[in-house]
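Worksheet for the structure shown next.
The values are calculated or read from the model by the stated rules, or taken from the named source; none is laboratory data. The structure presented is a predicted model; accordingly, all values stated were derived computationally and were not measured. Quick reminder, even Gly has a Cβ in these numbers, built from the backbone with ideal geometry, and neighbours come from all protein chains shown. These accessible areas exclude ligands, DNA and RNA; they are computed on the full protein's heavy atoms, side chains included. Shrake-Rupley method; radii C 1.70, N 1.55, O 1.52, S 1.80 Å.
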Amino acid sequence: MSLDSELRVLLDVRGVTSVCVVGSDGVLIGGAEGADGDLMRVAELVPSALGSSRVLAGLLGDGEVTQALVEFDRAPVLLVPLSAETAAGGGHVAVFTLSAVADLGRVRFRLKTMLPRLIAALPV
Amino acid sequence: MSVREVLRPLSETAGVMAVQVSTRDGLAVEMIGHGLRADVLAAETAAVLESSRSAADRLMLGEPAYVSVALPQYRLLCFPLESHVLAVVVGEDDAPAAVELALGVLPRLAAEMGDPT
């Protein structure tokens, strides 16, 4: 299945309003969104948000960032590096916009089960 | 009540490794905890929140209420005030409770720092 097709499966998870995969440079690789989505703008969040997060991870000496959540007034945005390589500064990041923080657990669970398929669908 | 006294209950909560108040431009004001460089924590916390705020303008999702960075064992929580930032470093298992407590502390902290609520 193509990356966009895999991402459309994640869009079906209750609470997910958009999902995309972004390179660590902020370039949009693929995505699926609801009617109000704006994937390009969501993708722009990745480099700066994860860059500072990585420095903080180094400060704590606790390995790599496993995910970052920004809870905005109107919706939370979840950033998940798709591999250890991504967490360290290379590779891809999955970005979700959600209806509410309460949807986080469900999204994390589905992403965990779909991760091998997502990684397999990534461009080399 | 001093800033330290406002932060103390949060710092003594199970799983909390450190709490810090810093300015929005990255200067540490007060910190309770050990094992972390206060200046680096303040600087990078400010950077994380600033990038979130810039994204908020573009995404039109409103202001960031807080940022949570998850690591294998720890969670870093960053809460913005008008002119300051509250950062909490907590064990992963204790993070949800720490979020609730920190949100409860924010109004008293804002009052102590002279930030509007």
If I take R0 = 45 Å and measure r between the Cβ atoms of B:THR13 and A:VAL124 in this structure, what FRET efficiency does the formula 1/(1 + (r/R0)^6) give, to the nearest 0.05?
0.45
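With a 1.4 Å probe and all protein chains kept in place, how do B:GLU30, A:GLU33 rank by accessible area, largest first? Walk me through the numbers on the way to the answer.
On the way: B:GLU30 50, A:GLU33 80 Å².
Ranked list, largest accessible area first: A:GLU33, B:GLU30.
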Contour minus Cα-Cα span, A:LEU28 to A:ARG117, at 0.36 nm per residue, comes to 30.2 nm
Ellipticity estimate at 222 nm from DSSP helix runs (n ≥ 4, -39,500 (n - 2.57)) divided over chain A, nearest 500:
-13500 deg cm²/dmol
Accessible-area value, A:MET1, 1.4 Å probe, nucleic acids and ligands omitted, Å²:
140
How shielded is A:44-52 by partner chains, expressed as the average number of their Cβ atoms within 10 Å of its Cβ atoms?
6
Length gained, A:ALA102-A:LEU11, 0.36 nm per residue minus C-alpha separation, equals 31.2 nm
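Is there a quick way to get the dipole size of segment B:29-68? I mean about its Cα centre, with the Cβ of Lys and Arg at +1 and of Asp and Glu at -1; what is the value in debye to the nearest 20? Mind dumping the intermediate values first?
Numbers: 3 positive and 6 negative charges, 21 e Å.
So the dipole magnitude of segment B:29-68 works out to roughly 100 debye.
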Mean-position separation - Cα centroids, segment B:1-75 and segment A:21-68, in angstrom
19
J(HN,Hα) series, segment A:91-106, from Karplus relation 6.51 cos²θ - 1.76 cosθ + 1.60, nearest Hz, glycine and proline x:
x, 10, 10, 8, 10, 10, 9, 10, 6, 7, 4, 4, 7, 4, x, 4
Taking a probe of 1.4 angstrom, what is the accessible area of A:ASP62 in Å², to the nearest 10?
10
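Please quote Rg/Rh for the protein assembly as shown to two decimal places, taking the Kirkwood radius as Rh and restricting both calculations to Cα atoms.
Here the Rg-to-Rh quotient is 0.97.
Average partner chain C-beta neighbours within 10 Å, per residue of B:40-52?
Numbers: counts 4, 4, 0, 4, 9, 3, 1, 7, 10, 3, 2, 11, 9.
The per-residue average across the peptide is 5.
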Out of residues 5 or more away from B:ALA65 or on other chains, whose amide H comes under 5 Å of its own, with H placed 1.01 Å from N in the peptide plane?
A:GLU71, A:PHE72, A:ASP73
